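A quick write-up on the structure given underneath.
We did not get these values from a lab; they are worked out from the coordinates using the rules stated. Being a predicted model, the structure only gives us computed values, none of them experimental. FYI the Cβ positions are ideal-geometry reconstructions off the backbone, even for glycines, and counts take in every protein chain you see.
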Amino acid sequence: MDFNDTPAEAAFRKEAHDFLSKHLEPKSGARPRGANESALARAKAWQKTKAENKFAQITWPKEWGGRGGSSMEAVIWGQEESKFDAPTGPFAIGLGMCVPTVIAFGSDAHKDRYVQKALMGEEIWCQLFSEPSAGSDVAGLKTKAVKDGDTWVINGQKVWTSGAHYSDFGILLVRTNPKVPKHKGLTMFIVNMKQPGVEVRPIHQASGGREFNEVYFTDVRIPDTDRLGAVGDGWKVALVTLMNERLAVGGSPGPDWGEIMAYAQQSGAMSDQAFREKLADWYVAAQGYKLTKFRTQTALSRGQTPGPENSIGKIITANHLQDICNSAIEMQDHYGIITETDRMPGDAIFQQSFMWAPGLRIAGGTDEILKNIIAERVLGLPQDVRVDKDLAFDEMKVG
Ligand SMILES: Cc1cc2nc3c(=O)[nH]c(=O)nc-3n(C[C@H](O)[C@H](O)[C@H](O)COP(=O)(O)OP(=O)(O)OC[C@H]3O[C@@H](n4cnc5c(N)ncnc54)[C@H](O)[C@@H]3O)c2cc1C
């Protein structure tokens, strides 16, 4: 594949860049994570501006307010938008994972009701999958739904739900049948996060942020018409969400080897041979990742869906982010513990990213789970042991 832009791609890149330059400042220093009220209002306004100018959801069909563009154009847009201080965070999960699931499995009435409002930044969505004893093994979840006439009654608890505290709707994976093996007794629903019985409790993070939550469901009623997919087909629906998640959580926002090299040049650390060796390792891995990403782009440009090799990116970038920030903080010696953005070089980008990096190694599949995927599905090695595969859920000893 020729990795240079075709004339049409170069023209689109210029159009995207010109639009972004008109509306946003170039990216610099640390971006505050999380979403207080003013950050949320800014994110909603940016989403609306993008949608009005057909730059929101590049590949979505025009009938849903998208651009009807190609996957390569979506890659180009992502590359250009990431150079600017674009407040995209609150919409990443909804537009990247939840609404595509609604488009794939929802009725026409669902699509009419939800898609346009999400695209215009008017409504925000969250993903309610993980539970205290169901994360990597999400099919082991316990939140249950029991049918009562035309509605389902939901009871249980979710955890680590990003953005639940400002979300209007969520996609909710629950157990509707405990008598069959765990993957077969699940069903997916759309849930209104503002209805009675939904209680959102924010989790206070070590970084100082409050980005995710525990969500409790007590006798929450969901009409059967808000089901996504057939009863018992929730795992199939969830796989579509998770496939979109792995595509969305690929890169890592934060300093890379270039930024730490620039910092090392200023601080004198380049004279340290051990540091130079680390820098060389980061550079080599970054180049390897860049070439691996070209495989994804090649698949996209041929109209194919990227395969499981896409998992490689998150393992490399998340681990590097943690390692690079750790080294930078060590270089800063005693000052390294100061996290105030106005007192540290680069707006404390190394400190801020250091606190975020461990989360990135967990979200969207932990390092170990992604290594299992690469081992099984890229390298063709034998499968992980799955002793509970054929057991009915209520016969399993679940913690
Ligand atoms: C920043 C962030 C945002 C998140 N946002 C959301 C969200 O919006 N919605 C949502 O539903 N969830 C969300 N999550 C939860 C996330 O999906 C889970 O944390 C993740 O799936 C891991 O599950 P767990 O935390 O229960 O860890 P566990 O699954 O209990 O894992 C614990 C450890 O055991 C290892 N392990 C588990 N199984 C295996 C295995 N088979 N082989 C080898 N090692 C294994 C893991 O790698 C890990 O080191 C978020 C998490 C983070 C960090």
CD proxy, 222 nm, the chain: helix-only mean residue ellipticity via -39,500 (n - 2.57) per DSSP H run with n ≥ 4, per residue, nearest 500, stands at -13000 deg cm²/dmol
Where does helix 234-248 land angle-wise versus the long Cα axis of the chain, in degrees 0 to 90, nearest 10? 10 degrees
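Using the Cα centre of the chain as the reference point, and only Cβ charges (+1 on K/R, -1 on D/E), how large is the resulting charge dipole? Debye, rounded to the nearest 20.
Details: 46 positive and 50 negative charges, 150 e Å.
In debye, rounded to 20, the chain gives about 720.
Give the shape of segment 82-181 as rounded, prolate or oblate, defined through the alpha-carbon gyration tensor: a ≥ b ≥ c are the square roots of its eigenvalues, a/c under 1.5 means rounded, and otherwise the shape is prolate if a/b is larger than b/c and oblate if not. Numbers along the way, then the final one.
Details: a/c = 2.38, a/b = 1.47, b/c = 1.62.
Oblate is the answer for segment 82-181, as a/c is 1.5 or above yet b/c matches or exceeds a/b.
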Here FRET efficiency (C-beta to C-beta, residue 233 to residue 294, R₀ 25 Å, nearest 0.05) is 0.10
Which residues does the label zone of residue 304 cover in segment 51-85, counting backbone N under 17 Å from a point 7 Å along Cα→Cβ? 71-72
Have a look at 180, 169, 207 and report the one farthest towards the positive end of the charge dipole of segment 125-238, computed about the Cα centre with Cβ charges (Lys/Arg +1, Asp/Glu -1). 180
Would segment 7-87 count as rounded, prolate or oblate if I go by the C-alpha gyration tensor, calling it rounded below 1.5 in a/c and otherwise prolate when a/b exceeds b/c, oblate otherwise? oblate
Final fewest-first order of 325, 126 on the 10 Å Cβ neighbour count is 325, 126
How many angstrom separate the Cα center of segment 292-365 from the Cα center of segment 38-81? 24 Å
Taking amide H atoms as placed 1.01 Å from N in the peptide plane, list the residues 5 or more away in sequence, or in a different chain, whose amide H sits under 5 Å from that of residue 126. 169, 170, 171
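Explain nothing, just the number: relative contact order of the chain, from Cα pairs under 8 Å at least 6 residues apart, as a whole percent. The partial results should precede the final answer.
Details: 634 pairs, mean separation 59.7, N = 399.
This gives 15 percent for the chain.
What is the packing order of peptides 71-80, 188-197, taking the mean over residues of other C-beta atoms within 10 Å and listing the highest first?
Values: 71-80: 19.2, 188-197: 17.7.
Order by mean packing, descending: 71-80, 188-197.
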Cα gyration tensor category, rounded, prolate or oblate, for the chain with a/c compared to 1.5: prolate
Positive end of the dipole of the chain, charges at C-beta (+1 Lys, Arg; -1 Asp, Glu), about the Cα centre: which of 320, 76, 268 has its Cα farthest in that direction? 76
Each residue of segment 255-262 in order: what ³J(HN,Hα) in whole Hz does its phi give by Karplus 6.51 cos²θ - 1.76 cosθ + 1.60, θ = phi - 60°, with x for Gly and Pro? x, 10, 4, x, 5, 6, 5, 4
